[in-house]
Amino acid sequence: MAVFVALGAFLMTLAGGWTALRVTDRRHLVLGLAGGLMLGVVGLDLLPEALHAAGGEVFGVPAALLLFVAGFLLAHLVERLLAARRAAHGADEHNHRAPEVGLTAAAAMVGHSAMDGVAIGAAFQVGGGMGAAVALAVVAHDFADGFNTYTITSLYGNARRKAVTMLLADAVAPVVGAASTLAFTIPEPLLGGYLGLFGGALLYLAAAEILPEAHHVHPARSTLLCTVAGAGFIWLVVGLAG
């Protein structure tokens with residue numbers, strides 16, 4: 001059953017990526033929506049789940065929040081190092097975005113989608129009702145995952161072929177993750193720590209890269225509305241899944 005439900009996540013991920021691919025003539029709107037979706041996923045889905053699962057504190061601060069900050073700083077460090085390496089090899093200083101950053105971020109999205117599949121499988125091990133609730137949440141937000149995976153890969157200057165490849169990998173990942181739970185499960189504190197770390201990295205991409213790019217070339221009220229709509233969509237998904 002878990003693998004069957006993960007096939008729904010596979011289709012929703014492809015649908016999200018296909019949507020991002022088809023509306024490239026409205027790039028500023030795509031980026032604005034992607035930023036809102038990512039903000040909603042981090043603030044309304046990943047971080048609350050991380051705080052619930054990770055449990056303990058480190059020197060008075062929840063471990064999930066420390067890892068959240070670490071993820072943000074790690075994403076910033078990786079981007080700066082890759083951008084500096086490109087500049088040292090004579091890349092155009094005005095085109096400072098390193099394609100490797102996009103591929104790294106997309107790979108992190110693929111890893112997260114695999115963890116989504118693990119969550120589905122683990123929930124079904126607890127019981128059918130828990131599995132159905134988790135599956136609804138995962139399948140619903142996998143549309144945003146597919147949309148964001150394609151958008152992030154393309155934003156950093158990677159060819160469409162690479163963006164589609166990462167999208168396909170992101171679509172397959174939940175199925176692989178769900179199938180893996182037939183052999184093992186991940187301890188809840190470890191899963192919570194991972195969600196905090198990934199959430200911090202995702203927030204950096206949304207706040208420092210995607211949203212500024214959305215307003216750089218074509219600042220418009222419609223772009224801002226797309227961002228709000230993206231965050232609102234995730235709120236709706238979380239509310240329905242709860």
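The values are calculated or read from the model by the stated rules, or taken from the named source; none is laboratory data. Note that the structure is predicted; figures quoted are calculated from it, not measured. Methodologically, a virtual Cβ is constructed for each residue, glycine included, from the backbone with ideal geometry; neighbour enumeration extends over all protein chains shown. Note: areas computed on protein heavy atoms with side chains; ligands, DNA, RNA excluded. Shrake-Rupley method; radii C 1.70, N 1.55, O 1.52, S 1.80 Å.
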Legend entry - Enumerated helices (runs of 4 or more DSSP H) restricted to the range 145-242, each holding at least 2 residues that are in contact with a helix residue (DSSP H, G or I) (Cβ under 9 Å, 6 or more places away or on another chain), touching a residue at least 40 places away in the same chain (Cβ under 8 Å) and farther than 30 Å from VAL61 by Cα: 160-180, 211-216, 221-241
Legend entry - Those residues of the range 12-34 which are part of a helix (DSSP H, G or I) and of a type in the set (A, V, I, L, M), in sequence order: MET12, LEU14, ALA15, ALA20, LEU21, LEU29, VAL30, LEU31, LEU33, ALA34
Inset, instruction - With the checklist (1) farther than 21 Å from GLY196 by Cβ; (2) among the aromatic types (Phe, Trp, Tyr); (3) at pLDDT 85 or above in hand, flag the one item PHE59 doesn't pass. - result: (1)
Inset, instruction - Can you work out which of the residues in the range 213-232 that are at pLDDT below 85 and out of contact with any Ser or Thr (no Cβ under 7 Å at 6 or more places or on another chain) is most open to solvent (accessible area, probe 1.4 Å)? - result: HIS216
Legend entry - Qualifying positions in the range 50-81 - aromatic (Phe, Trp, Tyr) and surrounded by 13 or more Cβ atoms within 10 Å (Cβ to Cβ): PHE68, PHE72
Inset, instruction - Name every residue in the range 55-79 that is in contact (Cβ under 8 Å) with a residue 40 or more places away in the chain and outside any helix (DSSP H, G or I), in order of residue number. - result: GLY55, GLY56
Inset, instruction - Name, by its number, the condition in (1) open to solvent by less than 30 Å² (accessible area, probe 1.4 Å); (2) β-branched (Val, Ile, Thr); (3) within 20 Å of ALA214 (Cβ to Cβ) that does not hold for THR13. - result: (3)
Inset, instruction - Hey, could you check the range 168-195 for residues that are within 28 Å of GLU79 (Cβ to Cβ) and touching an Asp or Glu at 6+ places or on another chain (Cβ under 9 Å) and say which is modelled with the lowest pLDDT? - result: LEU191
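Residue-by-condition table, conditions (1) part of a helix (DSSP H, G or I); (2) over 14 Å from the mean Cα position of the chain (by Cα); (3) at pLDDT 75 or above:
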position: GLY36; (1), (2), (3): yes, no, yes
position: HIS52; (1), (2), (3): yes, yes, yes
position: ARG86; (1), (2), (3): yes, yes, no
position: GLU93; (1), (2), (3): no, yes, no
position: GLY111; (1), (2), (3): yes, no, yes
